[in-house]
Amino acid sequence: MERIVQCALCDGQAELIVEKKEREFRKEKFVISEHFYKCENCGQDFTTSELDQIDTLQVYNQYREKYKSSSLPRSDH
Ligand SMILES: [Zn+2]
């Protein structure tokens, strides 16, 4: 992923920021490294679909890690 991108709102440059954040998935909380860009000019923060995907994958991986050894009830069907 790019470290510096063009701001979505102005002509400024936005820098990649990584912060620990809590995400809820299936009523459980997971701490992930959330990625987003913050513009040094206007202060706006925003994500891209690439960053969203990275963050979502972290939640899935942690969820899978947590339940891989136990029997996971198939509630999806
Ligand atoms: Zn900006």
Practice problem: For residues that are within 12 Å of the ligand (Cβ to nearest atom) and part of a loop (DSSP other than H, G, I, E, B), scanning just region 3-22, find the one that is surrounded by the most Cβ atoms within 10 Å (Cβ to Cβ). | Solution: Cys7
Quiz item: In this structure, does Lys21 turn out to be within 11 Å of the chain's Cα centre (by Cα) and not small (Gly, Ala, Ser)?
Solution: yes
Practice problem: Could you tell me whether Lys29 is at pLDDT below 95 and either in contact with a helix residue (DSSP H, G or I) (Cβ under 6 Å, 6 or more places away or on another chain) or away from the ligand (no atom under 16 Å from the Cβ) (or both)? | Solution: no
Practice problem: Quick one: count up the residues across region 23-50 that are part of a loop (DSSP other than H, G, I, E, B) and at negative phi. | Solution: 6
Exercise. Output the qualifying pairs, or none if there are none: Cβ atoms under 7 angstrom, residues six or more apart or on different chains, first residue in region 20-42 and without any contact (Cβ under 8 Å) to a residue 24 or more places away in the chain, second residue within 16 Å of the ligand (Cβ to nearest atom) and β-branched (Val, Ile, Thr).
Key: Phe36/Ile17; Phe36/Thr47
Quiz item: Which one of these does Gln53 not meet: (1) touching a residue at least 24 places away in the same chain (Cβ under 8 Å); (2) outside any strand (DSSP E or B)?
Solution: (1)
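The values are calculated or read from the model by the stated rules, or taken from the named source; none is laboratory data. Since the structure is predicted, the reported quantities are computational estimates derived from the model, not experimental observations. Cβ atoms come from the backbone with ideal geometry, glycine included; neighbour counts cover every protein chain shown.
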